[in-house]
Amino acid sequence: MFVSRHNPLTAAAALWALIAMAVPASAFTMEQVLHYPYSDNLAAAEHADRIAWVRDVGGVRNVWVAEGPTYKARQVTQYTEDDGQEITHLTFSPDGTHLLYVRGGDHDANWPAEGKLQPDPASSTEEPKVTIWSASLTGAAPVGIAEGDAPAISSKGVLAYIANDQVWTTTLDGKGRPERLFFDRGKDKDLQWSPDGAKLAFVSDRSDHAFIGVFTAKTAPLLYLAPSTNRDVEPRWSPDGSRIAFARRQGEGGAPDPLLKRVPHPWSIWTADVASGNGRLVWQSPDTLDGSFPDTEGEANLHWAADPRGRGDLLVFTADLDGWPHLYSVSANGGDPLLLTPGDFMVEHVDESRDGRAMIYDANTGATDGDYDRRHVFEVPVDRAAPTPLTSGASIEYTPVVTGGDRVAFVGTGAQQPPLVSVVEGSHRVSLEPNAIPADFPLHDLVTPTPVTFKAEDGTVVHGQLFRRPEISAAQPGIVFVHGGPPRQMLLGWHYMGYYSNAYAVNQYLANHGFTVLSVNYRLGIGYGRAFHQPDHAGFAGASEYQDVVAGARYLQSLPFVRANQIGIWGGSYGGYLTAMGLAHNSDIFKVGVDYHGVHDWTLSLTQRLNRQPQHYDKGDRDEAMKVAWESSPDSALDGWKSPVLLIQGDDDRNVQFQETIDLARRLDAHHVPYEELVIPNEIHGFLRHISWLRADEANVEFFARKFGKKTE
């Protein structure tokens, strides 16, 4: 329910009462700009020329497939409701004859709900489950396989999947009875079949350490590879199936990390013989901050590759050794790694060519101005630093997958075009979804954001994107948008994450309805190097990133076409935290704010961390850390919070506790700060239903328009 403490108008009614006075008749509605197609979860069959993806339009999610060489797209599921049930984990059998998908759940959650209840954002009276389905490639209806998640199909057609943290199996036709494939004491994940389909590798997570396990048969014991006190992840089979490579991270324990200082977290790459389980160190990272385990994608992107010059197998991985996330290759027998992608940019999503001699990746670099705030697709051989661009220009391309021949599929966007699937072969690029954009979508009314930079108080250069209708000459209110994460980067176009495509649509709406919007890529975000991504004194350790937000507001105030006394701020999650920081510390600048599920008291999460190893922290360190964390929290500065705020959150949030919003509301009550609420029962952090985003986003823009009392140009 939307609760207005001072105004009985509904969000939509008040919005149109204000907008109708001055907006041109051609101005689009929020419902129109949110009615965009969003394609993601792109997958390719390992040994077939077939790809699949999920297209979401208005909250209705369906699976699409296409086969080479024509790649004519066709829909293979027929869901029709905005029911809030995710479709994820598109999984082909290696030969491309079977396609599985997972329906339901919250795959971006930081923690499971109590009792492992699955999200029910539509408030159904039937309890939702996470289920595996088989999509027919011949036009028949999908077949339910089992309750479970993360399916993996072997080259022999054997299905393994995860249910209740254990590995299960059943038949691909949905007629078999599910059974546990084997018992393991850990929480199992990352299932990887051997090339011949005879063995299954997996990660056995034991909380403070993790093993790589190998299952061969029910009659044989599990084999654990080079077990240690460390946390082993990312098992990857060698092409001949005799070895497994994996990344080794430190296990939890020892003297705890300093609470207010960043320290290195070195890691290594190992291989192990599958017959004996004996392991061998291949490469050890330096004990430096840049040598820490890469966290841009939260994984090392570990791949086996073939040396084109016949000198044996190579291992390719991502590391930040020069301060940027880059691809490296190293001999599987050990040695010094070779930097494959030199330059001041970030490698993000990675795939491997069919012959194992090249890597395909996206990165924020290119020859077009502003490419540091875009993504383009590149190819690089695994034995030398010779990247070749496969895409370029003012468009954005990401999440490449290799399909038949020399073709690469990816999702492409731009300033106007929403995320849609394309295929590129050489210089020839073909869109697979040319008719996917709804007729009422305001494609040609969207502005092209401008890349800008400005300096924070300490001299740090900060990047952002400025949204404004170019033909408007009159001064407008300014809005600062701050993303969540915080390891995120807003782009000069639609985003590769659904959450931030929604934010991009809202910023486009604001820019087309009388506001100038600045999206701030503050420090802690990705795309500008590890030093920017991992700064000192950030977050609960001092909130150094907040000065970037203030600098963005000062930049807006300096623009002649922005009303310096009418600056608002909005954001979600970590962006909600920074929104609350702005209102608490600088109500003199930020006159209005909209806080989607923000963090407001760092001491709550810090207490949980301290309680995991309470005996290991010096009392003085604990007390100092709690003091700094409190001072870095919006709750500590409520005496200065004067500006009105709209609080928005779903009460089944599994990323930020709903208690954060409850607690802030009670504190705002005590300080007589005006606020309004939009609470969505049963909705999660990244809202699963289109109608939830529509309600929240309409409330957002109505709040700004009403509080600024403006007539939109």
Single match in TYR398, TYR372 (criterion: at pLDDT 95 or above, among the aromatic types (Phe, Trp, Tyr) and in contact with an Asp or Glu (Cβ under 6 Å, 6 or more places away or on another chain)): TYR398
Pairs where the first residue, in segment 58-77, is within 19 Å of VAL401 (Cβ to Cβ) and the second is in a strand (DSSP E or B) and hydroxyl-bearing (Ser, Thr, Tyr), C-beta under 6 Å, 6+ apart: VAL63/TYR101
Residue check for PRO195: farther than 26 Å from GLN118 by Cα and outside any strand (DSSP E or B): yes
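Does ALA44 fit the bill of being farther than 19 Å from PRO418 by Cα and either of a type in the set (Gly, Ala, Ser) or touching a Gly at 6+ places or on another chain (Cβ under 6 Å) (or both)?
Values: farther than 19 Å from PRO418 by Cα: yes; either of a type in the set (Gly, Ala, Ser) or touching a Gly at 6+ places or on another chain (Cβ under 6 Å) (or both): yes.
For ALA44, the condition - farther than 19 Å from PRO418 by Cα and either of a type in the set (Gly, Ala, Ser) or touching a Gly at 6+ places or on another chain (Cβ under 6 Å) (or both) - is met.
Tell me yes or no: at least one residue of segment 308-320 is surrounded by 17 or more Cβ atoms within 10 Å (Cβ to Cβ) and at pLDDT below 95.
Checking segment 308-320: at least one residue is surrounded by 17 or more Cβ atoms within 10 Å (Cβ to Cβ) and at pLDDT below 95.
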Selected residue (only one of HIS585, HIS597 is touching an Asp or Glu at 6+ places or on another chain (Cβ under 6 Å) and either at pLDDT 95 or above or more than 27 Å from GLY650 (Cβ to Cβ) (or both)): HIS597
Single residue of GLY253, GLY241 found to be out of contact with any strand residue (DSSP E or B) (no Cβ under 8 Å at 6 or more places or on another chain), within 25 Å of SER331 (Cα to Cα), of a type in the set (Gly, Ala, Ser) and not in a strand (DSSP E or B): GLY241
Selection count, segment 565-589, where residues are part of a strand (DSSP E or B) and either buried (at least 24 other Cβ atoms within 10 Å of the Cβ) or free of Cβ contacts under 8 Å to residues at least 24 places away in the same chain (or both): 6
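Each row is one residue, and each column tells you yes or no for (1) surrounded by 15 or more Cβ atoms within 10 Å (Cβ to Cβ); (2) touching a Lys or Arg at 6+ places or on another chain (Cβ under 6 Å); (3) not in a loop (DSSP other than H, G, I, E, B).
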| site | (1), (2), (3) |
| --- | --- |
| TRP324 | yes, no, no |
| TYR328 | yes, no, yes |
| MET359 | yes, no, yes |
| ASP362 | yes, yes, yes |
Every residue from segment 501-532 that is aromatic (Phe, Trp, Tyr), in a helix (DSSP H, G or I) and either crowded, with 24+ Cβ neighbours inside 10 Å or in contact with a Phe, Trp or Tyr (Cβ under 6 Å, 6 or more places away or on another chain) (or both): TYR504, TYR509
Residue check, VAL594 buried (at least 19 other Cβ atoms within 10 Å of the Cβ) and in a loop (DSSP other than H, G, I, E, B): no
Some residue of segment 233-243 being in contact with a Leu (Cβ under 7 Å, 6 or more places away or on another chain) and acidic (Asp, Glu): yes
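State whether one or more residues within segment 231-249 are under 30 Å from LEU606 (Cα atoms) and surrounded by fewer than 17 Cβ atoms within 10 Å (Cβ to Cβ).
Looking through segment 231-249, none of the residues is under 30 Å from LEU606 (Cα atoms) and surrounded by fewer than 17 Cβ atoms within 10 Å (Cβ to Cβ).
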Selection from segment 53-79 of residues that are assigned to a loop (DSSP other than H, G, I, E, B), within 20 Å of GLY104 (Cβ to Cβ) and among the aliphatic types (A, V, I, L, M): VAL76
Some residue of segment 80-88 being under 16 Å from VAL402 (Cβ atoms) and either in a strand (DSSP E or B) or at pLDDT 95 or above (or both): no
Residues within segment 441-477 that are in contact with an Asp or Glu (Cβ under 6 Å, 6 or more places away or on another chain), surrounded by fewer than 20 Cβ atoms within 10 Å (Cβ to Cβ) and assigned to a strand (DSSP E or B), tallied: 1
Test: residue in segment 430-440 that is out of contact with any Ser or Thr (no Cβ under 6 Å at 6 or more places or on another chain), acidic (Asp, Glu), assigned to a loop (DSSP other than H, G, I, E, B) and over 26 Å from PRO342 (Cβ atoms): yes
Looking only at segment 278-302, and only at residues there that are in contact with a Phe, Trp or Tyr (Cβ under 9 Å, 6 or more places away or on another chain) and surrounded by fewer than 16 Cβ atoms within 10 Å (Cβ to Cβ), the one that is farthest from ARG622 (Cα to Cα): ARG280
GLN659 in a strand (DSSP E or B), of a type in the set (S, T, N, Q) and modelled with pLDDT of 95 or more: no
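The values are calculated or read from the model by the stated rules, or taken from the named source; none is laboratory data. Source: prediction; values computed, not measured. Neighbour counts are summed over all protein chains in view; Cβ atoms, including those assigned to glycine, are modelled from backbone coordinates with ideal geometry.
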